[in-house]
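The values are calculated or read from the model by the stated rules, or taken from the named source; none is laboratory data. What you are looking at is a predicted structure, and each value in this text was computed from that prediction instead of being measured. Neighbour counts are summed over all protein chains in view; Cβ atoms, including those assigned to glycine, are modelled from backbone coordinates with ideal geometry.
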């Protein structure tokens with residue numbers, strides 16, 4: 001598939017996609033490689049969609065709906081049903097396009113120009129430059145398919161190689177006190193990276209010069225820490241803000257190809273000109 005540009009907006013390291021239903025109803029979705037397929041309940045009501053119950057992978061039942069997009073918008077259609085959920089204050093638009101939407105495709109996120117591409121042509125060159133690392137995905141089943149497309153990546157911080165979830169939708173809502181302490185100003189809702197609280201505390205102890213903002217996250221009360229330098233795919237970038245989350249959040253992700261200590265989101269990714277995520281071949285290429 002040749003690369004085609006998708007209608008998207010980049011704001012504070014977060015990405016939204018604009019599309020519409022075949023009947024012309026407008027839709028806006030957060031692009032979240034670390035999330036799932038979500039349609040907010042108010043949008044389900046607005047579109048008059050019929051929900052049904054479905055067995056959830058983690059047990060119990062969830063409410064789901066089927067929805068496709070107008071082909072003229074160039075936005076790839078969903079390959080599975082959307083889970084119906086109440087609106088979340090820290091998400092924009094009508095819902096989320098998660099890991100299932102990313103599966104088996106090649107994506108190019110151009111953070112400098114604010115453009116999103118899907119397809120092969122845009123992502124060919126940078127990988128030859130050597131700035132590529134493994135995009136860790138679960139192994140193929142006997143049927144030749146992956147059970148999911150949650151992906152992992154490696155980065156080096158303070159001399160230690162760490163494994164993270166690749167999470168384009170990682171976000172934080174800053175408290176007013178946190179916003180006042182963080183340089184540069186900017187919007188309260190912004191992209192972030194996540195790290196388990198035990199590792200965050202270790203960073204605080206080992207690196208007392210790293211700025212830390214206690215309970216700066218209005219979403220879940222986590223602290224934020226500014227990591228001066230992150231090494232990834234042969235690049236060095238920084239500073240990068242990480243938001244603390246309970247260790248249990250990441251320990252529960254036993255279905256990934258390897259354990260993770262956090263998630264890398266747009267707070268780091270936007271420091272690259274382009275991020276090419278090849279979900280077919282399992283590569284992540286970074287261009288500065």
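Here are the numbers for this structure:
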{"item": "Residue that is modelled with the lowest pLDDT, among those in the stretch 256-281 that are exposed (fewer than 15 other Cβ atoms within 10 Å of the Cβ) and in contact with a strand residue (DSSP E or B) (Cβ under 6 Å, 6 or more places away or on another chain)", "result": "273"}
{"item": "Qualifying positions in the stretch 192-213 - in contact with a helix residue (DSSP H, G or I) (Cβ under 9 Å, 6 or more places away or on another chain) and farther than 21 Å from residue 253 by Cβ", "result": "210, 211, 212, 213"}
{"item": "Scope the stretch 70-98; condition in contact (Cβ under 8 Å) with a residue 40 or more places away in the chain, within 18 Å of residue 47 (Cβ to Cβ) and part of a loop (DSSP other than H, G, I, E, B); matching residues", "result": "70, 75, 78, 80, 81, 86, 87, 91, 92, 93, 94"}
{"item": "Helices (runs of 4 or more DSSP H) enclosed by the stretch 157-255 - at least 2 residues per element that are buried (at least 19 other Cβ atoms within 10 Å of the Cβ), touching a strand residue (DSSP E or B) at 6+ places or on another chain (Cβ under 8 Å) and at pLDDT 95 or above", "result": "197-206"}
{"item": "1 or more residues at negative phi and crowded, with 16+ Cβ neighbours inside 10 Å: qualifying strands (runs of 3 or more DSSP E) within the stretch 1-69", "result": "4-6, 8-11, 14-20, 26-31, 38-40, 61-65"}
